[in-house]
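Step one of this worksheet: look at the structure below.
The values are calculated or read from the model by the stated rules, or taken from the named source; none is laboratory data. No experiment lies behind these values; they were computed from the predicted model shown. Methodologically, a virtual Cβ is constructed for each residue, glycine included, from the backbone with ideal geometry; neighbour enumeration extends over all protein chains shown.
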Amino acid sequence: MRVDIGNALAAVADPGIAESGLEELDDRVATAHERIAVGRSDGEFGYAALNLPDRTDPEEITDAVADFTDAEAVMTVGIGGSALGASTVSAATGPHEIDHYALDNVDPAHAREVLEEVSLEDAVVHVVSRSGTTAETLANFLVVRDAMETAGVDWIERTIVTTGREGPLRRLASERGLPTLSVPAGVPGRFAALSPVGLVPAALQGVDVEAVLAGGQRTAETLGPSLYECPAYAYGAVAYALAGRGARSAVMMPYAERLEPFAEWFAQLWAESLGKDGRGQTPMRAIGATDQHSQLQLYRAGPRDKLVTLLRPRERTDRAIPEPRTDELAYLGDTTLGGLLDAEFEATEASLAAAGRPTVRIEIDRLDPASVGELLYEMEAACVLAGELFGVETFTQPAVEWGKRAARGLLEDSGTTAEAAAVADKTRLVVED
């Protein structure tokens, strides 16, 4: 992966970081790297995520899906990190003959639409929950199981489980003899894309998961004590530095439709990991070139509170644009859709620089399994480094847990949790017609 931080320098952008500031920051990066290295070596909670490319067994995954050669669709039933990583890997390595669907919300309309669209007798269900008690995941799984039974499909023959070492989902899988994989120990869900959590659907689709892991491992071997030699650290350090200078929002803008789920995955990773103690950056998702016709107005002329990251593959499948046969569109002659998209990328970058708005350019070789594994690992390492620099507990999510306790309290008969009681205390000022 290549990271260009030139347009985030103070000589170009406001907010920006002076080159002398980068030198000072690099000393802090070295210290943070030492802490990360110790955490990885000791397999500490969270830091263990950066060991996944080496410790995830691709054969275990391929063996688990080996009996599903007739699959025409795969449904991931999970939420947050239990689904976004799978959606990212599946989309970025596509297109595939086997479609991937994610039931990652409990919107009944969405569940109905997916279940009506998918041929259940030809589908494989991948249920993901570390605890085996995640309300949204288990609710959707019960709905899917019921739909299969109603359709006369044996759900036991069509289900793979990825869960923790114990819990109700693990017990169910054991009792029913379901193919079962383990959520990696010591790894928060949002950091688990390079594990069975994120790779089972891709394996079902025929993706070379060993190559995905090899791409991540290649990046893992490049982590070093200087931002000048490590693209992941360059990105994480600059994002941290600009946040402290006013860029409190981080826009992720890939120039490839197949990377749109990646932008969603990045948003969870960045928000849930860094948003603590009044610190962090608010992630925003965009897609190039579409959002040049909408959000770019804000990025270029709105508040100076954003770092825009422009992401693209350097090689892509292309398609020629037919001869326009009109003078007004002659500039499109002898070009391609990819050439136009690259021109849009360059133009957006230049437009923001001309307005003094900070950007970072990220380029990967191409959208293939190895490059996707590399990209995911780079962003995880960047996030871990940023967390060290922000001084936050990167791998916890107390605000998320609060909401879970509130929802469960509302569903239980007693409804006695403090979080559930807070719902009843809501201040109301209603306007209606």
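Which of the helices (runs of 4 or more DSSP H) contained wholly in region 55-125 include at least 1 residues that are crowded, with 23+ Cβ neighbours inside 10 Å and not aliphatic (A, V, I, L, M)? Spell out the reasoning first.
Numbers: elements: 58-64, 81-92, 108-117.
In region 55-125, the matching helices (runs of 4 or more DSSP H) lie at 81-92.
Only one of (1) in contact (Cβ under 8 Å) with a residue 60 or more places away in the chain; (2) surrounded by fewer than 19 Cβ atoms within 10 Å (Cβ to Cβ) is not met by Pro196, so which one is it?
Unmet condition: (2).
Name every residue in region 391-433 that is under 30 Å from Ala32 (Cβ atoms), in a helix (DSSP H, G or I) and out of contact with any Asp or Glu (no Cβ under 8 Å at 6 or more places or on another chain), in order of residue number.
Passing the criteria: Pro398, Ala399, Glu401.
How do the pairs read when you match residues in region 147-159 that are closer than 23 Å to Ala64 by Cβ with residues anywhere that are exposed (fewer than 12 other Cβ atoms within 10 Å of the Cβ), using Cβ under 8 Å and keeping only pairs 6 or more apart or on different chains?
Met148/Asp154; Ile156/Gly177
Identify all residues within region 21-42 that are among the polar types (S, T, N, Q) and either over 14 Å from Leu227 (Cβ atoms) or not assigned by TED's automatic domain parsing to the domain that holds Ala232 (or both); write none if there are none.
Correct list: Ser41 only.
Please name all residue pairs, on different chains or six or more residues apart, with Cβ atoms under 7 Å, provided the first residue is in region 251-272 and is part of a helix (DSSP H, G or I) and the second residue is modelled with pLDDT under 95 and small (Gly, Ala, Ser).
Note: pairs meeting the criteria are Gln268/Gly80; Gln268/Gly81.
Looking at region 273-301, which of the residues that are part of a helix (DSSP H, G or I) and aliphatic (A, V, I, L, M) is nearest to Ala354 (Cα to Cα)?
Taking region 273-301 and keeping what is part of a helix (DSSP H, G or I), we get 273-274, 290-293, 295-301.
Subsequent filtering for residues that are aliphatic (A, V, I, L, M) retains 274, 296, 298, 301.
Working: Leu274: 30, Leu296: 13, Leu298: 14, Ala301: 11 Å.
Among those that are part of a helix (DSSP H, G or I) and aliphatic (A, V, I, L, M), it is Ala301.
Would you mind stating whether Val372 is in a helix (DSSP H, G or I), in the same structural domain as Leu311 (by TED's automatic domain parsing) and not hydroxyl-bearing (Ser, Thr, Tyr)? So that I can check it myself, show each step before the final result.
Values: in a helix (DSSP H, G or I): yes; in the same structural domain as Leu311 (by TED's automatic domain parsing): yes; not hydroxyl-bearing (Ser, Thr, Tyr): yes.
Criteria met by Val372.
Looking at this structure, is Thr62 in the same structural domain as Gly177 (by TED's automatic domain parsing), in contact with a helix residue (DSSP H, G or I) (Cβ under 8 Å, 6 or more places away or on another chain) and over 18 Å from Met379 (Cβ atoms)? Step through it out loud before you land on a result.
Working: in the same structural domain as Gly177 (by TED's automatic domain parsing): yes; in contact with a helix residue (DSSP H, G or I) (Cβ under 8 Å, 6 or more places away or on another chain): yes; over 18 Å from Met379 (Cβ atoms): yes.
When the stated conditions are applied, Thr62 passes them.
On the basis of being buried (at least 19 other Cβ atoms within 10 Å of the Cβ), assigned by TED's automatic domain parsing to the domain that holds Ala13 and touching a Phe, Trp or Tyr at 6+ places or on another chain (Cβ under 7 Å), does Leu269 make the cut? Explain how you work it out, then say what you get.
Numbers: buried (at least 19 other Cβ atoms within 10 Å of the Cβ): yes; assigned by TED's automatic domain parsing to the domain that holds Ala13: yes; touching a Phe, Trp or Tyr at 6+ places or on another chain (Cβ under 7 Å): no.
No.
Answer yes if at least one residue in region 384-392 is modelled with pLDDT under 95 and β-branched (Val, Ile, Thr), and no otherwise. Don't jump to the end; show me each part of the working.
First, pick out the residues of region 384-392 that are modelled with pLDDT under 95: none.
Checked against the condition, which is being modelled with pLDDT under 95 and β-branched (Val, Ile, Thr), region 384-392 yields no hits at all.
Out of all the residues in region 318-331, which are closer than 21 Å to Glu257 by Cα and of a type in the set (A, V, I, L, M, F, W, C)? Spell out the reasoning first.
Here is the first cut: in region 318-331, the residues closer than 21 Å to Glu257 by Cα are 318-321.
Of everything in region 318-331, those that are closer than 21 Å to Glu257 by Cα and of a type in the set (A, V, I, L, M, F, W, C) turn out to be Ala320, Ile321.
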